[in-house]
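Inspection log for the structure reproduced underneath, given as structure tokens.
Nothing in this text is a laboratory measurement; each read-out follows from the coordinates by a stated rule. Predicted model only: the values in this text are computed from it and were never measured. When we count neighbours, we look across all protein chains shown, and the Cβ atoms used for this are built from the backbone with ideal geometry, even at glycine.
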Amino acid sequence: MTRFMLTVHVLAATVWAGGHLVLSLSVLPKALRAGNPQIVHDFESAYER
């Protein structure tokens, strides 16, 4: 059971970190260049339903 929980935890952490990586490397630079924080909000709202 411990191994299963550790596996689930690591997978969830990977997904969480990957989402932040995508946000910081692709979405955030576009928003900063455009000076429009709505771009980040639109990206986040698509996943936070």
- Query: Over the chain, what per residue volume does the convex hull of the Cα atoms give, in whole Å³?
  - Reply: 59 Å³
- Given 0.36 nm per residue, what is the gain on full extension from residue 46 to residue 9 after removing their alpha carbon distance, in nm? 11.0 nm
- Query: Which value in nm describes the separation of the simple spin-label points at residue 2 and residue 34, placed 7 Å from the Cα toward the beta carbon?
  - Reply: 4.9 nm
